[in-house]
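The structure under discussion appears below in the form of structure tokens.
Please treat every number below as a calculation from the coordinates, not as lab data. As the structure is a prediction and not an experimental result, all values here were calculated from the model. Positions of Cβ are generated from backbone atoms using ideal geometry, with glycine treated the same way; all protein chains shown enter the neighbour counts.
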Amino acid sequence: MRLLLFVFFLFVGAEAANYPQLYKQLGTPLYEARIHFEKLQDIEGLQEDIQEYSSETKELLQLGLDAEQKGDKEKKEYLHSLRELQKKHDYLIHLLHTKVHEAIDTDNYSLFVKLTAYHFPSFLESRSISKRSFEYYQRYRSKKRIEVFENMARIRKGIENAQHYNARVEYSSFDSKSKSKKENSVAVITKRSEGKLSIFVQNKNPYSVTVSFVGKYKNLRVKPYTQDVFVVPAHSQKHYVDLSAINNSQSHRYSYSYRWIIGSKDAKHDASYLYRLPYQTGSSYVVSQGFNGKHTHSGQSQYAVDFGMEIGTKIYAARDGVVVQTKSDSNKGGGSKEFAQYGNFVTIEHNDHTLATYYHLKQYGVMVKVGERVSRGSFLGYSGNTGFSTGPHLHFAVFKTTADGTSVKSLPIRFISDIGVVKEPKEGSYYRAK
């Protein structure tokens, strides 16, 4: 699972002219990295390389500004110089990684803090350095907090808490001074017209998302006032705000940080709906854990139901809707939370924008595709024992996103069976599907 996403967007304002527009996608991140490197130049073993990088960057910056006004020969020379600077940038990142490993190996937390406090793109993109750094940070975080690792911790907690819902909270940010971009399934789009910049939030996912925004502005008028937590339906975009300069003679800048999570905070569950038991008509299976189960059905999973069944049992839709998420490639399962990410599942969004999860399915046991509309009683796949599981069973729950957009919660539901309405499935009881 992705643990951290940093997304940067460009607003071409008065400060954009600081860097050459020629080969800006390659050059700008290298120029901006100089600022971060210089914060580390007092660390032993890095001074000389950082000073050299800083000096060359300043020279190349002027060369780029001049090349924009000259011919093809100068432009090619500038491009070649940028590529050479990229090599030195990558080497400096390598040196920083080496220093981080050295700090961990020698248990030098003060050095570790100095090295990691100034996070910037590419520094912690390596999975190995990111994983080892995070684990080391967890041991000493009470001494000194580091923002980038605190963000990682929040997201990991979200993954762990929402393990049965694949409902991780994803964090992103952008700054109008930055010029690098990264594709994301929930993204900010800007459109300029008539002296204003319109900001839209685009949701490329096949499910609704709840987005939370925090904005900062410099010399900009913001209209209209809008909620900081809002819903963007599947495959759509929402107009967020319009920005216009207050004083055109002064520089202007804006930045946002935002997070998003699957589901709509505005979903209104139809409490009168009677769900079909999620297995074949005429068959019955034991409830191995019901509402408020003492093992794992608390908090977000308060109203989940586990049905004990052999691997390969056919699973059917309890309610109609659209398939919005699936996972089917895992063959791993076990009794510790580390296995949560390996659970196979189907997630369906209902007409009232609540969602249902069918979890712990067998490897390659998902028989539906994302975007497919399924009816109540449609065949979805086969049960299994993948993910955080101590024995073969199906975990079923209906859930929605919380009002603050930070998590999800399961909802109390009722099933129809051959003996009538089941308001609260009892552990140890068998219920026959009707």
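Using only the Cα atoms of the chain, construct the convex hull and provide its projected area averaged over every direction, in square nanometres to one decimal.
Average projection, Cα convex hull of the chain: 24.7 nm².
Determine ³J(HN,Hα), in whole Hz, for all residues of region 295-309 in sequence, where each value follows from phi through the Karplus function 6.51 cos²θ - 1.76 cosθ + 1.60 and θ = phi - 60°; x replaces Gly and Pro.
After applying 6.51 cos²θ - 1.76 cosθ + 1.60, I find 7, 9, 8, 9, x, 4, 9, 3, 10, 7, 10, 9, 10, x, 7 Hz.
Taking the simple approach of a point 7 Å from Cα along Cα-to-Cβ for both residue 68 and residue 419, what is their distance in nm?
Taking the simple label geometry, residue 68 and residue 419 are separated by 7.7 nm.
Modelled label-to-label distance, residue 269 and residue 132, 7 Å Cα→beta-carbon offset: nm?
Output for this residue pair reads 4.6 nm.
Compute the angle between helix 72-105 and the longest alpha-carbon principal axis of the chain, please, reported from 0 to 90 degrees and rounded to the nearest 10.
Rounded to the nearest ten degrees, it is 60.
Per residue of region 315-325, what does 6.51 cos²θ - 1.76 cosθ + 1.60 with θ = phi - 60° give for ³J(HN,Hα)? Whole Hz please, x for Gly and Pro, Karplus curve as stated.
With the stated coefficients, region 315-325 comes to 10, 10, 5, 7, 7, 6, x, 10, 6, 10, 8 Hz.
Quick one: work out Rg over Rh on the C-alpha atoms of region 76-119, Rh as Kirkwood radius.
Here the Rg-to-Rh quotient is 1.22.
Pull up all non-local amide H partners of residue 286: gap of 5 or more, or a different chain, and H-to-H distance under 5 Å with H placed in the peptide plane.
308
For residue 408, what residues show an amide H to amide H distance below 5 Å, using hydrogens built from the backbone and excluding near sequence neighbours?
402
Shape of region 274-432 from its Cα gyration tensor (a ≥ b ≥ c, root eigenvalues): rounded if a/c is under 1.5, otherwise prolate when a/b > b/c, or oblate? Walk me through the numbers on the way to the answer.
Numbers: a/c = 1.09, a/b = 1.06, b/c = 1.03.
Rounded.
Treating the angle as unsigned and between 0 and 90°, give the value, to the nearest 10°, between the Cα long axis of helix 127-140 and the longest Cα principal axis of the chain.
The angle comes out near 80 degrees.
Strictly over 26 Å apart at the Cα level, which of 204/400; 265/332; 369/400 would you flag in this model? Walk me through the numbers on the way to the answer.
Numbers: 204/400 19 Å; 265/332 32 Å; 369/400 21 Å.
Among 204/400; 265/332; 369/400, the Cα-Cα distance tops 26 Å for 265/332.
If you average the sequence gap of Cα pairs under 8 Å that are 6 or more apart and divide by the length of the chain, what percent do you get for the contact order?
Computed over the chain, the figure is 15 percent.
Just report the Cα centroid separation between region 323-352 and region 213-257, whole Å.
Value for the Cα centre distance between the two parts: 36 Å.
Let me know the charge dipole size of region 274-432 about its Cα centre in debye, to the nearest 20, where only the beta-carbon of Lys, Arg (+1) and Asp, Glu (-1) is charged.
Numbers: 17 positive and 12 negative charges, 28 e Å.
Approximately 140 debye in magnitude.
Under 24 Å Cα to Cα from residue 114, which lysines show up? Leave out anything in the same chain fewer than 8 places away.
Partners within reach: 39, 87, 88, 99, 131, 143, 144.
Using Cα positions and a limit of under 14 Å, work out the aspartates and glutamates in reach of residue 76, with same-chain residues fewer than 8 apart set aside.
66, 68, 84
Mind checking which of 45, 290, 60 is farthest towards the positive end of the chain's charge dipole, using Cβ charges of +1 (Lys, Arg) and -1 (Asp, Glu) about the Cα centre?
290
Tell me, what ³J(HN,Hα) does each residue in region 37-50 have, in order and in whole Hz, if you take phi through Karplus 6.51 cos²θ - 1.76 cosθ + 1.60 with θ = phi - 60° and put x for Gly and Pro?
Along region 37-50, the couplings run 4, 4, 5, 10, 6, 8, 7, 4, x, 10, 4, 5, 5, 5 Hz.
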